[in-house]
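Remarks on the structure that follows.
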4 protein chains.
Amino acid sequence: MFFASDNSGTVHPQVMQAMAEANTGYHHGYGNDPHTTAARAALRDLFEAPEAEVFLMPGGTASNALALATIVQPYQAVYCSGLAHIHVDECGAPEFYSGGAKLVPVCKDDKITPAALSDALSFWNTGDVHQFDRGALSLTNTTERGNVYTLDEIRALAKQAHDNGLLVHLDGARFANACAHLGCTPAEMTWKAGVDVAVFGGTKNGCMAVEAVIFFDPARAQGLPFRRMRSGHLLSKHRYLAAQMNGYLRDGLWLTLAQSANDRCARLVAGLRAEGIEILTQTPANLIYFQAPRRIHDALQAEGAMYYDMRAAHAGPDDMVRGRLVCDWNLTDADIDCFLQKLKAAL
Amino acid sequence: MFFASDNSGTVHPQVMQAMAEANTGYHHGYGNDPHTTAARAALRDLFEAPEAEVFLMPGGTASNALALATIVQPYQAVYCSGLAHIHVDECGAPEFYSGGAKLVPVCKDDKITPAALSDALSFWNTGDVHQFDRGALSLTNTTERGNVYTLDEIRALAKQAHDNGLLVHLDGARFANACAHLGCTPAEMTWKAGVDVAVFGGTKNGCMAVEAVIFFDPARAQGLPFRRMRSGHLLSKHRYLAAQMNGYLRDGLWLTLAQSANDRCARLVAGLRAEGIEILTQTPANLIYFQAPRRIHDALQAEGAMYYDMRAAHAGPDDMVRGRLVCDWNLTDADIDCFLQKLKAAL
Amino acid sequence: MFFASDNSGTVHPQVMQAMAEANTGYHHGYGNDPHTTAARAALRDLFEAPEAEVFLMPGGTASNALALATIVQPYQAVYCSGLAHIHVDECGAPEFYSGGAKLVPVCKDDKITPAALSDALSFWNTGDVHQFDRGALSLTNTTERGNVYTLDEIRALAKQAHDNGLLVHLDGARFANACAHLGCTPAEMTWKAGVDVAVFGGTKNGCMAVEAVIFFDPARAQGLPFRRMRSGHLLSKHRYLAAQMNGYLRDGLWLTLAQSANDRCARLVAGLRAEGIEILTQTPANLIYFQAPRRIHDALQAEGAMYYDMRAAHAGPDDMVRGRLVCDWNLTDADIDCFLQKLKAAL
Amino acid sequence: MFFASDNSGTVHPQVMQAMAEANTGYHHGYGNDPHTTAARAALRDLFEAPEAEVFLMPGGTASNALALATIVQPYQAVYCSGLAHIHVDECGAPEFYSGGAKLVPVCKDDKITPAALSDALSFWNTGDVHQFDRGALSLTNTTERGNVYTLDEIRALAKQAHDNGLLVHLDGARFANACAHLGCTPAEMTWKAGVDVAVFGGTKNGCMAVEAVIFFDPARAQGLPFRRMRSGHLLSKHRYLAAQMNGYLRDGLWLTLAQSANDRCARLVAGLRAEGIEILTQTPANLIYFQAPRRIHDALQAEGAMYYDMRAAHAGPDDMVRGRLVCDWNLTDADIDCFLQKLKAAL
């Protein structure tokens, strides 16, 4: 009953196996090896982007921050949701990597609307040097609240961004979960909708530590190889990053695992609703927010359910407390049912 | 016959096994897991430093740069060898992480002498704000040329550094190879000799991607946790970093592998000398420089020997060209002998 | 009729005179001259702070940014008003100087309240490395909207800041105007109320280009001399910065000029109210916001009144449009009356 | 008898007068005033560069650092003399402004030779991400040792730089002194010889605090306006920077003053040589190095001569000690003769 985060589970056996298979013989470091060549080619195929520049890195924070630092100047602004991971959960990674660019929170919610973006653009950028110059729009799909932008929404925001001189970055820590929900291809969710650079996450969906940064226009990637090196994200034994990605892509594992996580989450949502529990977010992917009296949280957690709640602000046993549940690819229907049973007992 | 670098070989089975064993169940991310607790404790034991602050990261570039950025200010200087990896091979990682600190090359050779340090200190730091303030001395042991500082040498330089207001950083990409050569303990090569912060390398010596940064005075580590997070080097599935380190430390594997690499290198040196090849460096560890006519290099490499040489500057077949040979922990006596045989044939 | 900004008028003759008087003989550069010694002593006297560290710089943006960079780490947050100049009008100076610290807008208004600060602190800082560490609270007095924090308000916020591990910075671009309104001493408005570092502005109040940064605890100023040098704000012919400050402090000129600007502003406010014009801000100092139909703005500006308005968003002649009026120390009652007469004619 | 630096004298009356004349009426801040428009036009005329982008700033350190940060990336190298002011006397300004670019000292002397540049380029840049990418060549004319690059030398180095993918920056703290010596136009010493961005110094040659940064290709200046703002070097009462420059350019004052300083220096050199004193540098401009026994320095300084020497390393009265003499525009023949008389007495 572990719902705290999708970074807390194991590595899928197919990914472990790919790493073990790569563990033979000598290869040059820093990505000059056949595993890396294969992984980059596979990603270009998956994204239907034969010209794309593709980079592998061991984590999402650096992948997003390096992507942004490559497309924005230190004196430019990155427009994002007020809940964007890059804004509130990475201790300033984009600011550090970019040399002091500004993250402008466009809205308090997780999903940016055209109206909110329009307001933010008119407040922040007057064309005067006193304000930050325009840099990029950053979207997260699946969002930090578990919602999913539709292709139409991405298209509209990307067009608005481009019309206003912004490039478009996609934080794809849960890229696969959004893809699975939308039933679209990676290309459709990215460059076909106007995304300029995307992070295709592996770590939260069955890998150990690998993400791909994909620049659809290779000219936009200029400087990233040097920035990756000097920040220490060009791993020397690079083949093991590549092996993870190769294992993750083989036979569509990336999508299978995301679908599995989404399905468990749907089962969880149905069960919660059946008990009259209020769900606070849309529930298309593998992550939801709900609320329940504090005593219910107490009871669930006493029974071993692991997840984050906002109990700190609530003293009374009947106070409504928000909780977050994240479904990992590895959960089973039985895991979900066990949690729901404990809930039923607690109510 | 792969002598290009010790980052090009495989991961030792014991390390792979430790990762596989850790691949079960759910654990909180970001180092809040029992594998990490165990690894940190084991490192404190190994270094006989129960108070030390210990951090794991996936690479040496970031480990060194983060360690330095934590102990020096942006307006301070880091004194290092003119051949130091941090100065010439990391595309400015220390400058980036520190916010623009200066690397001052103390000497053209790999080993810093007290006289050279003294000269550099008097040239660069006059106590005036026009020059960089004094920050740190950085030593590499094993050095980038394959030499090893003795304990006496480290002690003398560290004392000189401290007397001049510098903290002492040790780049230990090949820490174990130096330890094996000196026959000393990790504590003796670090805090007992005056080192303030050390990087204990794993990647080049049988691990996949893990280094430990160890601050012997925990107060010196202030800020590093935030800096590691914002630079993306706090991996979310942290247990797999820890598992590598646990496998690496178990039963003294770290030292066994380094001794093996050193032994192969000694065999190689003896063989080269027997053929009259000039060795350009001291040869205490697993890395040497030698020189031979260009046609010899041509012949060896045609036979499949992989290593770096400085042939670019030399056109004639009899021009003396320098080459670098690095012995990996995984090489066998047969590998060495095969190389020597090819050499004999080429001469 | 120039109300666009208090940075647009002339330099007071007494300040010009002081510069001319300093223009004789040779003096060492970079602040090692008797004019600088005198200015620093005079500032320490004015602030009743014999131990304070005092620095002169040619502008407010750098003064604030260097002060902040000295007291916060790159991974820390600066809490400020959502309208703070450092947040919205300096193109990221604090981010640049600090190496990527985060400006957290505490509120949408210009004056921070304890409740808003409390909310921001609980949202942003959970003690976890994913969020920025706590750094500083930045107040502006006179605020960017022309309001003034009372001594009680400063004391309460400073105490709250200190209780939460924040240092307190005061942006004093219009320091003198606030002092004149409060009828307090500089000491009372700063260290006696809990301010750790203050910028005492000269440029907007009769000087040419000089501000003083004052650290009341000299230990907090560590590193600033180097940071000032490397950012180019340690002017070589430093005596002319000092001369300005000496002229500005002589016979209380700084306060006389601020009182004059405040008095003109009060006359302006009274005149506007007499005509039924709505004033949108409190009006204690030399800066107000008002609103009037667009056609009134059109008429005033056609008559030569210079000031900023938000007309861009308003098309109709009767649309209410906000305007900002700033009174310079050099305006006369006749200037104000002339403006009011034009207004009367336009209405 | 003040020879310590040319930043230690007074401001020329014509420059003071221009500031006084500008001290009337209201003007918009930040360069939107007629004085600035006039100064920029005058500089474009002087440099015969009608398309050039021209910026005024209050000091040389920031002018050079901002110019470099605009033309190099954080992961690029700036090749300069080992004695370059930007390398050894600005506490890391270029590193700070650029976000960690590397200054590569090409030679130990003040003047870069093509051979030395060639060596440095081949050592540092292998095309691999481990090394810094190529960024810029920085020349100083007049050099830090008082020497002057000829037009042929500049042309040859600029061509070599461009052929190797470097842009060319000219630090012109003593631009006018070099121009006076060479008898060339500013255009000949800059863009006609291949310089991409030049700093035209005023502060050391009769101004109070002003330098001009001139990008001959305006497209190269992209981003500088934002960088200048966020670093605090866009002064709000900008008219006074412009007024200085206008006074400095009027009737060729800039060249007259430089010629005067050079002439005094020539008289000084002749006098020293007549007494058998060894001059250590070429002596084309206003700055020389000489050596004499320590007791001579003692005697001169006891008589009131102010200049820097390297006495710290020399104990004995007959030890040869190097000294630096800088001639200010304001020195008279009598000042020089007075110094020479004291010298004669001391010998």
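Out of (1) closer than 28 Å to A:ASN7 by Cα; (2) facing chain A (nearest Cβ under 9 Å); (3) in contact with an Asp or Glu (Cβ under 8 Å, 6 or more places away or on another chain), the odd one out for B:ASP33 is which? Result: B:ASP33 fails condition (3) only. Would you check if C:CYS338 is closer than 21 Å to C:ALA266 by Cα and in contact with a Cys (Cβ under 6 Å, 6 or more places away or on another chain)? Here the answer is no, as C:CYS338 does not meet what is asked.
Residues in the range C:50-61 that are facing chain D (nearest Cβ under 7 Å) and without any contact (Cβ under 8 Å) to a residue 40 or more places away in the chain: C:THR61 only.
If you go through the range A:1-30 one residue at a time, how many are under 24 Å from the mean Cα position of the chain (by Cα) and within 11 Å of chain B (Cβ to nearest Cβ)?
Residues of the range A:1-30 under 24 Å from the mean Cα position of the chain (by Cα): A:1-16, A:18-19.
Cutting the leftovers down to within 11 Å of chain B (Cβ to nearest Cβ) gives us A:1-13, A:15-16, A:19.
Final tally of qualifying residues: 16.
For first residues located in the range D:28-49 and not assigned by TED's automatic domain parsing to the domain that holds D:MET245, partners that are of a type in the set (A, V, I, L, M, F, W, C) and outside any helix (DSSP H, G or I) and lie 6+ apart or on another chain with Cβ distances below 7 Å do not occur. Checking B:MET320, B:MET245, B:MET310, B:MET306 one by one, the residue that is assigned by TED's automatic domain parsing to the domain that holds B:LEU182 and either under 25 Å from the mean Cα position of the chain (by Cα) or of a type outside the set (Asp, Glu) (or both) is B:MET245 and no other. What residue, among those in the range C:83-123 that are under 17 Å from the mean Cα position of the chain (by Cα) and in a helix (DSSP H, G or I), is farthest from the other protein chains (Cβ to nearest Cβ)? This residue is C:ILE86. Considered as a group, the residues in the range A:149-180 that are surrounded by 24 or more Cβ atoms within 10 Å (Cβ to Cβ) and in contact with a Pro (Cβ under 7 Å, 6 or more places away or on another chain) include one that is farthest from A:TYR289 (Cα to Cα), and that residue is A:LEU157. Of the residues making up the range C:132-154, those that are closer than 21 Å to C:ALA258 by Cβ and of a type in the set (A, V, I, L, M) are C:LEU139, C:VAL148, C:LEU151, C:ILE154. Flag set for B:ALA198, criterion: under 16 Å from the mean Cα position of the chain (by Cα) and small (Gly, Ala, Ser). May I ask you to list the residues in the range C:199-219 that are farther than 21 Å from D:THR61 by Cβ and out of contact with any helix residue (DSSP H, G or I) (no Cβ under 6 Å at 6 or more places or on another chain)? Listed by number, the residues that qualify are C:LYS204, C:ILE214, C:ASP217, C:PRO218, C:ALA219. Reported count of residues in the range A:248-285, each being among the acidic types (Asp, Glu), over 19 Å from the mean Cα position of the chain (by Cα) and on the phi < 0 side of the Ramachandran plot, is 2.
Suppose we keep only residues that are in contact with a Pro (Cβ under 9 Å, 6 or more places away or on another chain) and among the small types (Gly, Ala, Ser) within the range A:228-244. Which one would you say is nearest to the other protein chains (Cβ to nearest Cβ)? Filtering the range A:228-244 for residues that are in contact with a Pro (Cβ under 9 Å, 6 or more places away or on another chain) and among the small types (Gly, Ala, Ser), the one nearest to the other protein chains (Cβ to nearest Cβ) comes out as A:GLY232. So, B:TYR75, is that one within 14 Å of chain A (Cβ to nearest Cβ) and among the aromatic types (Phe, Trp, Tyr) or not? No: the conditions fail for B:TYR75.
Would you mind stating whether B:HIS87 is touching a strand residue (DSSP E or B) at 6+ places or on another chain (Cβ under 7 Å) and in the same structural domain as B:CYS179 (by TED's automatic domain parsing)? Reasoning before the result, please.
On the way: touching a strand residue (DSSP E or B) at 6+ places or on another chain (Cβ under 7 Å): yes; in the same structural domain as B:CYS179 (by TED's automatic domain parsing): yes.
Here the answer is yes, as B:HIS87 does meet what is asked.
All but one of (1) on the phi > 0 side of the Ramachandran plot; (2) without any contact (Cβ under 8 Å) to a residue 24 or more places away in the chain hold for D:THR24; state the number of the condition that does not hold. Checking D:THR24 against (1) on the phi > 0 side of the Ramachandran plot; (2) without any contact (Cβ under 8 Å) to a residue 24 or more places away in the chain, the one that fails is (1). The single condition among (1) of a type outside the set (Lys, Arg); (2) without any contact (Cβ under 8 Å) to a residue 60 or more places away in the chain; (3) closer than 30 Å to C:LEU331 by Cβ that C:VAL15 does not satisfy is (2). Scanning the range A:90-118 for residues that are without any contact (Cβ under 8 Å) to a residue 12 or more places away in the chain and out of contact with any Cys (no Cβ under 6 Å at 6 or more places or on another chain) turns up A:CYS91, A:GLY92, A:GLU95, A:THR113, A:ALA115.
The values are calculated or read from the model by the stated rules, or taken from the named source; none is laboratory data. Quick caveat: nothing in here was measured; it's all calculated off a predicted structure. Glycine also receives a Cβ, built like all others from the backbone with ideal geometry; neighbour counts cover every protein chain displayed.
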